[in-house]
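Contents: one structure, followed by commentary.
The values are calculated or read from the model by the stated rules, or taken from the named source; none is laboratory data. All values derive from a computational prediction rather than experimental measurement. Reconstructed Cβ throughout: ideal geometry from the backbone, glycine too, with neighbour counts over all protein chains shown.
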Amino acid sequence: MWSVWLVVKKNYKQMKIRLIVMNFLQFFVWGAWMITLGSYGSGEKGWNSAEFGLVFSTMGFASLIMPTLFGIIADKWNAKYVYALSHLLFGATMCFLPFIDSATAFFWVLLAAMCFYMPTLALTNSIGFGALKMEGKDPVKDFPPIRVFGTVGFIVAMWLTNFVTKKGFIFENPSISYSFNIAAIGAFCLAVFSFLFLPSINKNKEQRAKNKEKVLWIDRLGLRAFVLFKEKKMAIFFIFSLLLGGALQLTNAYGDSFLQDKYVFAEGGLINKFSTIILSVSQISETLFILAIPFFMKKFGIKKVMLISMLAWVLRFGLFGISGNTVLGFVLIISSCVIYGMAFDFFNISGALFVEKNTDSKIQSSAQGVFMLMTNGIGAVMGNLIAGAVIAKWFENGGVRDWAHIWLVFAAYSLLVAVAFAFIFKYKHNPEEIGEIKH
């Protein structure tokens with residue numbers, strides 16, 4: 001019996017390492033290029049904000065339907081092969097981006113890349129959960145520590161990109177387009193790793209029998225959960241999810257462009273030269289604030305935690321707006337990055353918990369899908385398109401952006417959403433209902 005236990009423990013450790021590598025590379029290939037995309041578009045290519053808003057909206061467009069379609073394919077086929085093939089195609093597509101000058105053409109190629117990449121976010125979870133269950137482990141308990149390495153991968157990629165794409169570190173005349181090559185190499189490595197080392201998730205007899213049953217397309221696409229819009233409380237929640245979703249990616253879209261703007265921060269100075277590393281503080285903060293969520297949820301309840309998140313977004317944007325090329329400005333930028341963890345985590349996790357607590361178990365997964373659709377899909381698309389158009393019309397002149405007013409407008413928008421949420425959204429906190437929160 002003791003020897004059997006040692007074998008199981010050894011195999012689990014091996015599987016745990018495989019899943020850690022998978023999560024690390026999964027988010028490494030995202031962090032390698034996403035944060036610097038704004039600097040690439042405005043700095044190297046000279047696109048205006050409206051054009052860049054369209055380019056950055058590709059993630060939102062790809063999130064509307066592709067994860068569901070790829071999930072259906074993965075259920076029919078072996079998930080790890082769908083996952084590996086997706087990364088191969090993503091990496092291959094990224095290789096074309098450095099050769100494209102037109103914002104419109106860039107949009108379509110990046111959209112294709114995102115159609116391959118965005119579904120892998122859900123597949124990462126599916127493979128991880130399935131592998132842990134095969135090992136007899138509890139995904140709720142054992143997956144979060146593994147998932148943290150995804151954020152570590154994102155941070156490492158940001159640091160690597162900073163050194164590779166900034167003048168004087170590795171290359172004398174680098175290009176931000178190198179970030180696409182880093183992402184492609186990471187994706188190819190992950191694809192090979194997936195083929196060779198990730199497990200085939202073997203469904204049990206009950207699952208296989210269930211898969212053979214006739215399932216309506218309305219259920220496959222998760223559309224049945226849209227019935228929740230008939231409930232006033234859920235409809236209000238989803239509308240505010242959409243409104244806040246419009247702000248969630250704005251600092252990822254414009255943060256690096258802001259810190260690399262030579263009209264605001266001296267070219268070659270500390271902030272300008274280490275912009276991507278400075279922004280990585282946001283991801284570090286994200287991992288730390290996750291640990292604080294159980295306390296805040298128990299103490300204040302779902303509504304107040306979501307409201308705290310919205311007010312944190314006001315500070316996130318506002319501190320950027322009043323910062324500058326001074327010591328105090330640097331402190332304000334770092335403070336904004338620290339606050340990002342609260343702004344991002346508190347809404348996403350408390351929102352997901354609200355959906356879980358207020359939906360029938362039969363449509364819970366679909367309801368979570370609607371929540372993600374409203375925030376990272378429709379909300380992100382609208383936010384990027386509208387923000388880009390507003391900046392281009394009122395806050396951009398000859399390629400020079402009025403960053404102070406841009407960030408303050410974003411802050412004002414977030415404040416309006418927060419105030420409206422405080423008065424319109426009704427939810428009574430019951431500490432006993434929260435129970436033990438897993439993160």
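Would you tally the residues in the range 312-331 being buried (at least 18 other Cβ atoms within 10 Å of the Cβ) and in a helix (DSSP H, G or I)? Quick ask: steps written out before the conclusion?
Quick first cut of the range 312-331, residues buried (at least 18 other Cβ atoms within 10 Å of the Cβ) only: 312-321, 323.
Checking the rest, the ones that are also in a helix (DSSP H, G or I) come to 312-321.
Residues in the range 312-331 being buried (at least 18 other Cβ atoms within 10 Å of the Cβ) and in a helix (DSSP H, G or I): 10 in total.
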Practice item. Restrict the check to the range 284-300 and report whether at least one residue is out of contact with any strand residue (DSSP E or B) (no Cβ under 7 Å at 6 or more places or on another chain), of a type in the set (A, V, I, L, M), crowded, with 20+ Cβ neighbours inside 10 Å and at pLDDT 95 or above. Key: no
Check your understanding: Of all helices (runs of 4 or more DSSP H) completely enclosed by the range 141-238, which ones contain at least 1 residues that are more than 22 Å from HIS87 (Cα to Cα) and either among the β-branched types (Val, Ile, Thr) or at pLDDT below 85 (or both)?
Key -> 205-212, 217-220
Check your understanding: Quick one: VAL82 ticks every box in (1) free of Cβ contacts under 8 Å to residues at least 12 places away in the same chain; (2) more than 22 Å from THR161 (Cβ to Cβ) bar one, so which box is it?
Key -> (1)
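Within the range 49-104, take every residue that is charged (D, E, K, R) and under 23 Å from SER126 (Cβ atoms) and give me the one that is surrounded by the most Cβ atoms within 10 Å (Cβ to Cβ). Quick ask: steps written out before the conclusion?
First pass over the range 49-104, keeping only residues charged (D, E, K, R): 51, 75-76, 80, 101.
Narrowing the set further to residues that are under 23 Å from SER126 (Cβ atoms) leaves 75-76, 80.
Details: ASP75: 15, LYS76: 10, LYS80: 22.
My answer is LYS80.
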Point to revise | Odd one out for GLU44, checked against (1) closer than 28 Å to GLU267 by Cβ; (2) buried (at least 18 other Cβ atoms within 10 Å of the Cβ) | key: (2)
Exercise for review: Could you tell me which numbered condition LYS304 fails, if it satisfies all but one of (1) crowded, with 18+ Cβ neighbours inside 10 Å; (2) over 17 Å from the mean Cα position of the chain (by Cα); (3) within 21 Å of PHE425 (Cβ to Cβ)?
Suggested key: (1)
Point to revise | Evaluation of ALA352 against (1) assigned to a helix (DSSP H, G or I); (2) touching a residue at least 40 places away in the same chain (Cβ under 8 Å) (one fails), failing number | key: (2)
